[in-house]
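Colleague: Dropping the structure in here first, questions after.
The values are calculated or read from the model by the stated rules, or taken from the named source; none is laboratory data. Note that the structure is a prediction, hence the values are computed from the model and not measured. All Cβ positions, even for glycine, are placed from backbone atoms using ideal geometry, and neighbour counts span all protein chains on display.
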Amino acid sequence: MQTSKDAFPAEIWPVLEGADPVGVRPIVLRKLVSDIAGLPDSWSGRLEFDLGKRHCVRLSRNSSIEVWLICWELGQDTLLHDHGGSSGAFALVRGSLIEDHADVDARDIRTREHRTGDAVAFGPRYLHNLVNVSGEPAVSLHAYSPPLRSMNFYGWSSSGPRHLREIPCDSPEPDLTGIQWPEVSAP
C-alpha cells in the first residue's frame, strides 16, 4: 500500500522516494515524523479511538520507509519488543506515553515520559514498550526503515532482556491472538 503524493507536501516526498533501500538513518526518520506531525491535515482525518485495541493506519510505504499513525486509549501498550532489524522513530502529536527502553544487550531498563511534541529515534537493537497511562487519548506517528517484516518480543529478568518470540508482521500491531508465551523467571 502506498499513499498518493497528495497526502504529504512536496518537501517530504524526497525522503520517502529517494531513500536507501537498505535503510534510512534514525535521525532522518525522526525528522520525517516531526515534519509529518507538523502537517495535521495529512493525518488528522484518520484518527480513531477504540478501548479494545490500538488503532493503527499506514500513511505511506515504499521499499525503504513506512509511516504509521497510532491512536492510544488509556492502558493500551505494546509489550516489550524490537522492530525485527528495522530502525525507527516516533513523534507524539497528542497526549503522553510512558516508555520503558533498553538495548538488546542491556542489563538495565530505563523509563521516561514522552509528551506532545517529543520525537525519538532508535536503531535496530532498541527494545521498548510504550503505554498510555494518562487519562487522555494519545496519538503518535511512527516511521520504520526498512518497513517492518517482524517484531521480536521480550520479557525482562534480573540479567536483562529474554527473547520470547519472533512474530512476522507488516504493521506495528501484530496479531498476538493464540500466542502462548513462555514464562520469564530470574536466572
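Colleague: Does at least one position in the range 3-15 carry a residue that is out of contact with any Asp or Glu (no Cβ under 8 Å at 6 or more places or on another chain), under 23 Å from Arg115 (Cα atoms) and either surrounded by 15 or more Cβ atoms within 10 Å (Cβ to Cβ) or at pLDDT below 90 (or both)?
Modeller: Among the residues of the range 3-15, not one is out of contact with any Asp or Glu (no Cβ under 8 Å at 6 or more places or on another chain), under 23 Å from Arg115 (Cα atoms) and either surrounded by 15 or more Cβ atoms within 10 Å (Cβ to Cβ) or at pLDDT below 90 (or both), which makes the answer no.
Colleague: Which one is farthest from Phe153 (Cα to Cα), of the residues in the range 68-103 that are modelled with pLDDT of 95 or more and of a type in the set (Val, Ile, Thr)?
Modeller: Ranking the qualifying residues of the range 68-103, first place goes to Val93.
Colleague: Would you point out the residue of the range 88-106, among those that are of a type in the set (D, E, K, R) and touching a Gly at 6+ places or on another chain (Cβ under 9 Å), that is nearest to Ser145 (Cα to Cα)? Give the derivation first.
Modeller: Just the residues of the range 88-106 that are of a type in the set (D, E, K, R), to begin with: 94, 99-100, 103, 105.
Subset that is touching a Gly at 6+ places or on another chain (Cβ under 9 Å): 103, 105.
Working: Asp103: 18, Asp105: 21 Å.
Once the filter is applied, the top-ranked residue is Asp103.
Colleague: Applying the selection to the range 86-99, what residues are surrounded by 16 or more Cβ atoms within 10 Å (Cβ to Cβ) and under 26 Å from Leu164 (Cα atoms)?
Modeller: The answer is Ser86, Ser87, Gly88, Ala89, Phe90, Leu97, Glu99.
Colleague: Condition first: part of a helix (DSSP H, G or I), under 15 Å from Thr116 (Cβ atoms) and among the small types (Gly, Ala, Ser). Now tell me which residues in the range 24-47 satisfy that.
Modeller: Result: Ser34, Ala37, Ser44.
Colleague: Can you name the residue in the range 47-74 that is hydrophobic (A, V, I, L, M, F, W, C) and in contact with a helix residue (DSSP H, G or I) (Cβ under 8 Å, 6 or more places away or on another chain) and, of all such residues, is surrounded by the fewest Cβ atoms within 10 Å (Cβ to Cβ)? So that I can check it myself, show each step before the final result.
Modeller: Just the residues of the range 47-74 that are hydrophobic (A, V, I, L, M, F, W, C), to begin with: 47, 49, 51, 56-57, 59, 65, 67-72, 74.
Subsequent filtering for residues that are in contact with a helix residue (DSSP H, G or I) (Cβ under 8 Å, 6 or more places away or on another chain) retains 57, 59, 65, 67, 69.
Values: Val57: 15, Leu59: 19, Ile65: 26, Val67: 28, Leu69: 21.
Per the criteria, the residue is Val57.
Colleague: Also, quick follow-up: Among the residues of the range 75-84, write down those that are free of Cβ contacts under 8 Å to residues at least 60 places away in the same chain and either assigned to a strand (DSSP E or B) or surrounded by fewer than 20 Cβ atoms within 10 Å (Cβ to Cβ) (or both).
Modeller: Residues satisfying the conditions are Gly75, Asp77.
Colleague: Separate question: Considering each residue of the range 48-70, count those that are in a loop (DSSP other than H, G, I, E, B) and either free of Cβ contacts under 8 Å to residues at least 60 places away in the same chain or over 16 Å from Phe90 (Cβ atoms) (or both), and give that number.
Modeller: 9
Colleague: Look through the range 99-153, keep the residues that are in a strand (DSSP E or B) and among the basic types (Lys, Arg), and return whichever of them is nearest to Asp41 (Cα to Cα).
Modeller: Arg115
Colleague: Residues that are in contact (Cβ under 8 Å) with a residue 60 or more places away in the chain, under 21 Å from Gln76 (Cα atoms) and aliphatic (A, V, I, L, M): does the range 126-137 have at least one?
Modeller: no
Colleague: Identify, please: which residue in the range 156-187 is at pLDDT 80 or above and either part of a loop (DSSP other than H, G, I, E, B) or touching a helix residue (DSSP H, G or I) at 6+ places or on another chain (Cβ under 8 Å) (or both) and is, among those, nearest to Gly52 (Cα to Cα)?
Modeller: Of the residues in the range 156-187, the ones at pLDDT 80 or above are 156-173.
Next, from what is left, pick out any that are either part of a loop (DSSP other than H, G, I, E, B) or touching a helix residue (DSSP H, G or I) at 6+ places or on another chain (Cβ under 8 Å) (or both): 158-159, 169-173.
Numbers: Ser158: 32, Ser159: 33, Cys169: 20, Asp170: 20, Ser171: 17, Pro172: 16, Glu173: 13 Å.
Of everything passing the filter in the range 156-187, Glu173 is nearest to Gly52 (Cα to Cα).
Colleague: For the range 47-86, how many residues meet the condition of being over 27 Å from Ala106 (Cα atoms) and either in contact with a Cys (Cβ under 9 Å, 6 or more places away or on another chain) or aromatic (Phe, Trp, Tyr) (or both)?
Modeller: 13
Colleague: Does Phe153 qualify as being surrounded by 19 or more Cβ atoms within 10 Å (Cβ to Cβ) and either more than 11 Å from the chain's Cα centre (by Cα) or at pLDDT below 95 (or both)?
Modeller: In short, yes.
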